[in-house]
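Step one of this worksheet: look at the structure below.
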Amino acid sequence: MTKRPSQILWAAAALAVVLAFLIIRAVRLWRIPYESLTIAPEDQYERIEIPPRPGVRGLVITGPRIMPLYFAVDLARAGIQPLDWADLKNRCPGADVRIKCRVDEKGNLRFNKEDVRMEGFTEAGTIIQNAMRTWAYRPVKRGTLSFWFNVPSMGKKLKIDMQGMERVPSIPEHVPIIDGQLHYILGLPAQDIEVGSGF
Amino acid sequence: MAFKKLKRHKENVELVSLIDMIFILLVFFLVTSYVIRTPLEERSLYIPTPENTLGRTQILIQIIDGEKAFWLDETASAVVSSIEEEFGYLSPEGLRTRILNTLAENNVYSFERLQQAMQGLKSRAQRDPAARFFVLIRCPDEVPYASVLHLITFLMDTPYRNIRYGCVAGRLNDILQCKKIYTVTEDIGSRRLKNIRIDFQ
């Protein structure tokens, strides 16, 4: 079995062309930078995050976060004095004092003699009033704010009634108002204080 | 009886088939090498089709032409809100027109400025890996899609890949002729946001 030399030459030439092409291709692939390497089709959907389908009926563009306002004693105001609970407890251990206050739009806390019930506990009432007359609130709520100081109580020693409070009308409705620290009393644990509506 | 001598056929290489096969291989390798040379980004971009619902985005890029784009982000909320407060006495149509005119006046960027704005967004994304940003790109039909691809590849080139994108066809006129544009307050999780809403229908 012999082949004609011309046929062998043709086959060799064809093989040489294919081999040359493969070599050139291999060299080109080898020189491709790493970042440009192909991802296998089956891996594409695992590696590439598919963005969500956009809607076209309308559009909502995210705006800035609306920061809440806090209704609390404004400690930045000048002359704010704390109430020393330990001192009150030492001097008047059985004190039972109720004060009904008004908070105006500027955050000032106002009350007069008729608003204070301190039968038998004048000294305690005076101590409490002296401190509270210096208190002022951030001007975000207004209305009636009532305090009940019950020093000997085994339950809550201070109850704050907020049911008479409302938002200051100039603050837009969409701005949330959060109730913060409604007193400035040193030495009274938070678990001894109840903030609610009515007592 | 004399045995008949078997004739052995001479085996030849079939040149026609060989050449056919070589050409098929040649075409195959040409095609595959072209696919390999296609940029990775171009092949990896998955553009989902839009749906007929309310869309949400943090940043809107409306391509106007090859040189300008309309950019809206969270800062536009304050602009719209202030117009609503200041010109609340206008009719709904008058208010809409005033808002859109103001936005069109202030928020049409050249591509250089758009590049700066996008660079700012990328910087934010790079500073905060936990942050997620979504950019909606609207492009008119007559603008080559390569412009969108250019924006997407620029935005996607972040180490944490925390900028996502959506693409829809659309013109600036669709926005300028929208039915209504206004601010809405929405609670998302524990956050309350003042968003801009554009109603097209």
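The values are calculated or read from the model by the stated rules, or taken from the named source; none is laboratory data. The model shown is predicted, which means the values in this text are computed figures rather than measured ones. Note that each Cβ is placed from the backbone with ideal geometry, even for glycine, and that neighbours are counted across all protein chains shown.
Observations on the structure shown:
- The range B:143-177, subset within 8 Å of another protein chain (Cβ to nearest Cβ) and touching an Asp or Glu at 6+ places or on another chain (Cβ under 8 Å), residue modelled with the highest pLDDT: B:ARG164
- Taking (1) hydrophobic (A, V, I, L, M, F, W, C); (2) part of a helix (DSSP H, G or I); (3) under 21 Å from B:GLY66 (Cβ atoms) in turn, B:ALA125 satisfies each apart from (3).
- Taking residues in the range A:136-152 that are more than 10 Å from A:MET165 (Cβ to Cβ), and partners anywhere that are of a type in the set (Phe, Trp, Tyr) and not in a strand (DSSP E or B), the pairs with Cβ atoms closer than 6 Å and at least 6 places apart or on different chains are A:TRP148/A:PHE199.
- The residues of the range A:185-197 that are under 19 Å from A:THR144 (Cβ atoms) and of a type outside the set (D, E, K, R), listed by number, are A:ILE193, A:VAL195, A:GLY196, A:SER197.
- A:ILE177 meets the conditions (1) within 14 Å of chain B (Cβ to nearest Cβ); (2) more than 22 Å from the chain's Cα centre (by Cα) in every case but one. The failed one is (2).
- Flag if B:VAL148 is in a helix (DSSP H, G or I) and surrounded by 18 or more Cβ atoms within 10 Å (Cβ to Cβ): yes
- Scanning the range B:1-37 for residues that are modelled with pLDDT under 65 and at the interface with chain A (Cβ under 9 Å from one of its Cβ atoms) turns up B:VAL35, B:ILE36, B:ARG37.
- Test for A:ILE66: is it modelled with pLDDT of 85 or more and under 22 Å from B:ILE196 (Cα atoms): yes
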